[in-house]
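I have placed the structure first, in the form of structure tokens, so that the comments after it can refer back to it.
All of the numbers you see were taken from the coordinates with simple rules; none came from a lab. It should be emphasised that the depicted structure is a prediction, and the values quoted were computed from it without experimental measurement. Positions of Cβ are backbone-derived with ideal geometry, glycine not excepted, and every protein chain shown enters the neighbour counts.
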Amino acid sequence: MQKLQKFQDPELGFVRNFKGTKVYCDLTGHPDDLQITPSFLVSVIENKSTANPELWAIERFKLPVAKFQAAIYSAILEPIFEKLGAICARNNAVIFWNSKTFERIGWFPVEYYPVQTQTDILRGINALHDPSLIIRPLEWKCKRCSKEHKKVCQFCQ
């Protein structure tokens, strides 16, 4: 962790440019853990807590986002790992914990594919410039958003 600090912006965390757009990752809070083998293969471990321990709900709604988050961290940190003589692992993990009991609900492998992750990141960046590329959320999801979010949401305007 000390070796990584010199690559971290004190306010913004880690930064990587993707076609002129900066993508950020703050290691002061995330990723939650880095597992390093003796041969300097580094895996990202992301811990998530949830009040709903139902596996079907986690796998359907929370896991896809958590997997993408772990992949983004790998994409941002990969060039830094290489500068330090380490290799970014293809195999990472997301662990879900019950926020009420603190028991582990499940461990889920995350495979990191650099080209696919960069493609997914760039799709998000492109959608910022062309809102027609953004998939509108289902109407029922908007009911959960705060008034502050609704004020700036392109779908609620």
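Structure values in brief
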| quantity | calculated |
| --- | --- |
| Summed residue charge, Cβ within 13 Å of ALA70's Cβ, Lys/Arg positive, Asp/Glu negative | -2 |
| Additional length obtainable on full extension of the chain from ILE125 to GLN5, 0.36 nm per residue less Cα span | 40.5 nm |
| Selection of chymotrypsin sites (Phe, Trp or Tyr not before Pro), region 97-157, meeting DSSP coil and at most 14 other Cβ within 10 Å | PHE102, PHE155 |
| Most mobile of ILE58, ILE134, ILE72 in a GNM of the chain (Cα contacts under 10 Å) | ILE134 |
| Where no second cysteine Cβ lies under 4.7 Å, the cysteines concerned in the chain | CYS25, CYS88, CYS142, CYS145 |
| Qualifying lysines (Cα of each under 28 Å from Cα of LYS19; at least 8 residues distant if same chain) | LYS3, LYS6, LYS67, LYS83 |
| Charge dipole of the chain about the Cα centre (unit charges at C-beta), most positive-ward option of THR50, CYS88, PHE108 | THR50 |
| Spacing of the two label points (7 Å from each Cα toward its C-beta) at ALA51 and GLU148, in nm | 1.8 nm |
| Region 89-157 and region 56-83: distance between their alpha carbon centers, rounded to Å | 10 Å |
| Cβ-placed point charges (K, R +1; D, E -1), dipole of the chain about Cα centre in debye, nearest 20 | 480 debye |
| Sparse-neighbour loop sites [trypsin sites (Lys or Arg not before Pro); region 18-95; at most 15 other C-beta within 10 Å; DSSP] | LYS19, ARG90 |
| Size of region 1-143 as Cα extents on the principal axes (Å, biggest first) | 46, 42, 28 |
| Filtered chymotrypsin sites (Phe, Trp or Tyr not before Pro), region 35-87: DSSP coil and at most 16 other beta carbons within 10 Å | PHE40 |
| Theoretical ellipticity at 222 nm over the chain - DSSP helices of four or more residues, -39500 (n - 2.57) apiece, nearest 500 | -9500 deg cm²/dmol |
